[in-house]
1. Which of the peptides 103-110, 21-28 is most tightly packed, and how do the rest follow, going by the mean number of other Cβ atoms within 10 Å of each residue?
2. If each residue of separation counts as 0.36 nm, what is the full-extension length gain between residue 44 and residue 111 once their alpha-carbon separation is subtracted?
3. For region 32-42, take each phi angle, set θ = phi - 60°, evaluate the Karplus expression 6.51 cos²θ - 1.76 cosθ + 1.60, and give the result in whole Hz per residue in order, putting x for glycine and proline.
4. What full-extension length gain, to one decimal in nm, is calculated for residue 90 and residue 23 as 0.36 nm per residue of separation minus the Cα-Cα distance?
5. Hey, what do the phi angles of region 102-114 turn into as Karplus ³J(HN,Hα) couplings, whole Hz, using 6.51/-1.76/1.60 and θ = phi - 60°, x for Gly and Pro?
Amino acid sequence: MFFNSSNFKTLEAGVRLAKLQQDLHLQNIANIETPGYKAKALVFKEVLKDASNPKKVKSIRAAIVEDESSSAQPDGNNVDYETESIGLYKSYVQYSMLIDKITGEFDKYSYVLNSNIK
């Protein structure tokens, strides 16, 4: 069934990661005036390293890291509102696309199940 397929599990993981990305952007925006706050981001170093050999990649893992780069503000805060807003919108679009894809898969199964009833 679709729930046990690698396709569904990949879509599900994508939705979770897009939601986590949205949460991080929102957290960064919420702390834009917090002195010394460092922006947080997701990184996928292990996945990118093994991307040349797909058989090696058994799971997708992300790590949350603080951006220790120079400060955007004199108080040590390095959150850039424009960057975070664009990232938030991008993660929203990804999230919406993945949800639409999952919904489309359920619609296919619904169509097949309802067609056999007649």
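A short reminder: the numbers here are calculations on the coordinates, not readings from a lab. Note that the coordinates shown come from a computational prediction; the quantities given were computed from them, not determined experimentally. Here the Cβ is made from the backbone with ideal geometry for all residues, glycine too, and neighbour counts use every protein chain on show.
1. 21-28, 103-110
2. Extending this stretch completely gives an extra 20.4 nm.
3. Result, ordered by residue: 5, 10, 7, x, x, 5, 10, 4, 10, 8, 8 Hz.
4. 22.9 nm
5. 5, 4, x, 5, 5, 4, 4, 5, 4, 4, 5, 5, 6
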